[in-house]
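K.L.:
Dropping a structure here in structure tokens format, bear with me for questions.
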Amino acid sequence: MTLKKNMRLIVLSLILTVAVANYAGCAGKSGDSDNVDSVSRVSYVSETTTASADGISEVSGKVSVNSTEAEESVEQSREAVSQQSEESPVTNKVISKDQFGYVAKVDDNTYYWKYNKNTFKDGGSGYFGFEQGIANEFVCRDSGGNENTLFKSDGNGLLAVVNGRVFYNSSDDTLYVCDMDGKNEKVIGEGYKLVGMSEDGKYLICTDSQKIYSVDIGTEKATVLAEHGSYIAHHDNIVYYSSGNNEFYDNGGIIRISCVRADGTGQKDLYTDYEKLYDYSDVSSAMVGQMYFGDDCIYFSYGGLGGTLVVYQGGRIVKMKYDGSDAKQIEGAKRAEFSVDSDGRITEYQEDMPYSPMNDYCMVANNVCLIDRSNGERKAVISESDYSIVGNALPDKNGSNRYYINNVEQVGDKVYCLVHYGEMDESYTVGWRTGYSRVNSAFLEKDLTTGKVNILFKF
């Protein structure tokens with residue numbers, strides 16, 4: 001009898017564990033995205049339910065469990081979980097890079113911020129920025145396309161879903177972490193803007209105007225990686241940044257590139273150029289335009305931005321080994337955007353204006369292209385006919401309408417992007433700078449296998 005009772009307890013424990021896991025993965029209450037007010041901090045807690053253990057049975061094994069035995073099993077499970085929590089933190093054995101991004105993928109669930117009509121500023125040159133303190137929905141979309149709101153907050157942009165916790169930035173770049181339902185929220189750091197996650201899934205990389213940080217995902221504690229540095233990229237658990245003192249910041253063209261492991265060890269200066277690239281003052285201090293990580297070497301471009309259009313003023317392209325040795329400037333190459341073929345030949349590209357360094361995507365002939373971080377190769381993933389469904393019109397060469405596309409990333413066999421559609425508006429025009437009013441915005445998902453484009457939400 002003791003053996004049979006133990007068997008029944010084990011079976012019930014397994015059934016309850018599976019049921020709770022299936023419910024918790026995408027639990028929530030759907031919300032109305034058009035009815036969201038400005039907030040300083042807002043948490044929208046999902047509803048939960050309590051299931052009775054009475055009547056649970058395993059048909060194939062002909063095993064039934066009465067309520068008394070179920071209560072005993074549940075209590076034993078609680079004690080086991082409590083003991084485990086006291087002994088060691090719960091962690092994922094394998095953390096995927098897909099768990100970080102504008103979209104986070106965990107098992108069959110997809111997580112992202114669902115924006116509303118109040119989230120973005122309405123006017124300007126077409127680059128619609130975030131409004132401060134607007135509540136957005138943090139949602140979970142399951143494999144069947146069902147969307148549930150887990151909580152609401154003034155979060156936006158990049159996020160990470162790891163070990164049943166959500167790391168995200170508010171509109172003022174404060175870094176928060178909370179449970180999947182928005183509870184147990186705490187501040188990790190003010191001004192800690194998320195920029196990446198280490199490949200081993202142990203650290204989040206953050207930056208402010210001067211410092212670079214890593215945040216241990218397990219302990220949720222931050223470490224300063226660089227006191228004075230501008231984040232460039234991370235590769236193989238190593239963070240690359242441009243560094244220096246005022247001498248570097250105040251002189252156009254002068255640059256120093258350094259690296260450090262995501263755990264804060266192994267800092268090393270890799271490349272320094274003391275030669276000024278510019279003889280005039282209307283140029284920003286030098287920054288890295290692109291950096292690519294090949295099999296045995298790194299390629300990078302650097303230069304400065306200048307003028308009212310924020311135009312790249314030219315610079316240099318350099319090849320070096322990972323330890324900084326054998327650094328060579330590519331003769332005649334000076335643009336920020338470039339690619340490298342298998343023979344090491346450089347192809348340069350015209351930069352968009354205004355220029356955004358280290359973008360992982362670009363526009364080529366009105367098509368959205370992802371940039372391969374190993375060699376700079378461009379791959380078209382979203383056509384103008386794909387994203388024009390947001391505004392129901394193709395891009396107008398005369399400038400009467402404008403599409404502003406960002407937050408582009410590939411997760412598995414799907415590509416996501418946020419598309420804003422605006423139309424010319426004289427009230428926002430300043431001098432020769434054409435102004436636009438935002439008409440529609442949408443978050444798109446494209447299946448690269450089938451070519452099908454879905455609008456996940458529109459506002």
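The values are calculated or read from the model by the stated rules, or taken from the named source; none is laboratory data. Being a predicted model, the structure only gives us computed values, none of them experimental. Cβ coordinates were reconstructed from backbone atoms using ideal geometry, including for glycine residues, and neighbour counts include every protein chain displayed.
K.L.:
V411: surrounded by 14 or more Cβ atoms within 10 Å (Cβ to Cβ) and of a type in the set (V, I, T), yes or no?
P.N.:
Yes; evaluated as a whole, the condition is true for this residue.
K.L.:
Inside region 274-329, can you point out the residues that are free of Cβ contacts under 8 Å to residues at least 24 places away in the same chain and closer than 21 Å to S230 by Cα?
P.N.:
Within region 274-329, Y274, E275 meet the criteria.
K.L.:
Of the residues T207, T272, T265, which single one is loosely packed, with under 14 Cβ neighbours inside 10 Å and of a type in the set (V, I, T)?
P.N.:
It is T265.
K.L.:
Can you name the number of the only condition in (1) surrounded by 13 or more Cβ atoms within 10 Å (Cβ to Cβ); (2) under 15 Å from E384 (Cα atoms); (3) out of contact with any helix residue (DSSP H, G or I) (no Cβ under 8 Å at 6 or more places or on another chain) that G451 fails?
P.N.:
With respect to (1) surrounded by 13 or more Cβ atoms within 10 Å (Cβ to Cβ); (2) under 15 Å from E384 (Cα atoms); (3) out of contact with any helix residue (DSSP H, G or I) (no Cβ under 8 Å at 6 or more places or on another chain), G451 is out only on (1).
K.L.:
Another one. Test G324 against the stated conditions and say whether it is in a loop (DSSP other than H, G, I, E, B) and either more than 25 Å from the chain's Cα centre (by Cα) or surrounded by 19 or more Cβ atoms within 10 Å (Cβ to Cβ) (or both).
P.N.:
yes
K.L.:
Output the residues belonging to region 427-452 that are among the aliphatic types (A, V, I, L, M) and within 21 Å of the chain's Cα centre (by Cα).
P.N.:
A442, L444, L448
K.L.:
Which strands (runs of 3 or more DSSP E) sit wholly inside region 78-196 and have at least 1 residues that are among the hydroxyl-bearing types (S, T, Y) and at pLDDT below 95?
P.N.:
Correct list: empty, since no element meets the threshold.
K.L.:
Still on this structure, please answer the following. Can you give me the number of residues within region 120-148 that are small (G, A, S) and either under 16 Å from F443 (Cα atoms) or surrounded by 22 or more Cβ atoms within 10 Å (Cβ to Cβ) (or both)?
P.N.:
The qualifying residues number 4.
K.L.:
More than 16 Å from L456 (Cβ to Cβ), within 17 Å of the chain's Cα centre (by Cα) and crowded, with 22+ Cβ neighbours inside 10 Å: is that true of F151 in this structure?
P.N.:
The answer is no for F151.
K.L.:
If G253 passes every condition in (1) crowded, with 19+ Cβ neighbours inside 10 Å; (2) assigned to a loop (DSSP other than H, G, I, E, B); (3) without any contact (Cβ under 8 Å) to a residue 60 or more places away in the chain but one, which one does it miss?
P.N.:
Single failed check for G253: (3).
K.L.:
For region 400-429, enumerate the residues that are of a type in the set (V, I, T) and touching a residue at least 60 places away in the same chain (Cβ under 8 Å).
P.N.:
Across region 400-429, the qualifying residue is only V411.
K.L.:
Check off (1) among the hydrophobic types (A, V, I, L, M, F, W, C); (2) modelled with pLDDT of 95 or more; (3) surrounded by fewer than 16 Cβ atoms within 10 Å (Cβ to Cβ); (4) not in a strand (DSSP E or B) for L394 and give me the number that stays unchecked.
P.N.:
(2)
K.L.:
In region 197-231, what residues are in contact with a Cys (Cβ under 9 Å, 6 or more places away or on another chain) and within 16 Å of P357 (Cβ to Cβ)?
P.N.:
I212, Y231
K.L.:
Right, next: Suppose we filter region 275-307 for residues that are surrounded by fewer than 22 Cβ atoms within 10 Å (Cβ to Cβ) and either within 11 Å of V318 (Cα to Cα) or among the polar types (S, T, N, Q) (or both); how many remain?
P.N.:
Summing the residues that are surrounded by fewer than 22 Cβ atoms within 10 Å (Cβ to Cβ) and either within 11 Å of V318 (Cα to Cα) or among the polar types (S, T, N, Q) (or both) in region 275-307 gives 5.
K.L.:
Assigned to a loop (DSSP other than H, G, I, E, B) and in contact with a strand residue (DSSP E or B) (Cβ under 6 Å, 6 or more places away or on another chain), is that true of R316?
P.N.:
no
K.L.:
Now for a separate question. Among the residues of region 327-344, which ones are at negative phi, in contact with a strand residue (DSSP E or B) (Cβ under 9 Å, 6 or more places away or on another chain) and in a loop (DSSP other than H, G, I, E, B)?
P.N.:
A327, I330, A333, K334, R335, A336, D341, listed by residue number.
K.L.:
Say we look at region 345-357 and pick out the residues that are modelled with pLDDT of 95 or more and of a type outside the set (D, E); which of these is surrounded by the fewest Cβ atoms within 10 Å (Cβ to Cβ)?
P.N.:
The selected residue is R345.
K.L.:
Could you tell me whether G144 is of a type outside the set (S, T, N, Q) and without any contact (Cβ under 8 Å) to a residue 24 or more places away in the chain?
P.N.:
For G144, the condition - of a type outside the set (S, T, N, Q) and without any contact (Cβ under 8 Å) to a residue 24 or more places away in the chain - is met.
K.L.:
Is it the case that E351 is assigned to a loop (DSSP other than H, G, I, E, B), charged (D, E, K, R) and touching a residue at least 24 places away in the same chain (Cβ under 8 Å)?
P.N.:
When the stated conditions are applied, E351 passes them.
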